[in-house]
Structure formats: C-alpha cells, structure tokens
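Since the structure comes first, as structure tokens, the remarks are kept for the end.
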Amino acid sequence: MSKTRYVQVRVNQDQLERIKNNASAKGYRTISHYARDLMLEKNLFFERKFEEMYQEVLNISKRIK
C-alpha cells in the first residue's frame, strides 16, 4: 500500500536522539518505519524474531537442495 499521508511529531533534541538510538538498536533503517510500527502497536520483538527465524529456515532449505 502506498504511503500518501504525513504525520509530524515535535520532540526535543534529547528525545530525538533516544528515538534514533532505539530505532537503530531494533534494526530499523528509518525513524519513520520505527515510529509507524510503534504507533500501529505492532509487536516489534515478535515480528523481528519471526523474520529472523524465517530467513534462517530459507537459508537452511537452500543448503539442503
């Protein structure tokens, strides 16, 4: 789905640094993606772990073939 809307949030410099650090530590490339997931109440930990496991299964299946 195309993203066509824009949401602004005001934060101070310390808050921005915390947001950047948290996003980076969780593997996000952009603050937008991180904030969108948080605002939509996604279970970030579960989804990241599931994706890691899925990729590992794909890698194992490629080696077996």
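What the table shows:
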read-out: Local electrostatic count, residue 47, Cβ distance below 13 Å [Lys/Arg +1, Asp/Glu -1]; value: +1
read-out: Loop GluC sites (Glu not before Pro), the chain, which have at most 11 other Cβ atoms in a 10 Å radius of their Cβ (DSSP); value: 41
read-out: Label-point gap, in nm, between residue 25 and residue 48 - each point 7 angstrom along Cα→Cβ; value: 0.9 nm
read-out: P(r) weight above 18 Å for the chain, C-alpha pairs, percent; value: 52 percent
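No lab work stands behind these numbers, since they all come straight from the coordinates. A quick note: this is a predicted structure, and the numbers were derived from the prediction, not measured. Reconstructed Cβ throughout: ideal geometry from the backbone, glycine too, with neighbour counts over all protein chains shown.
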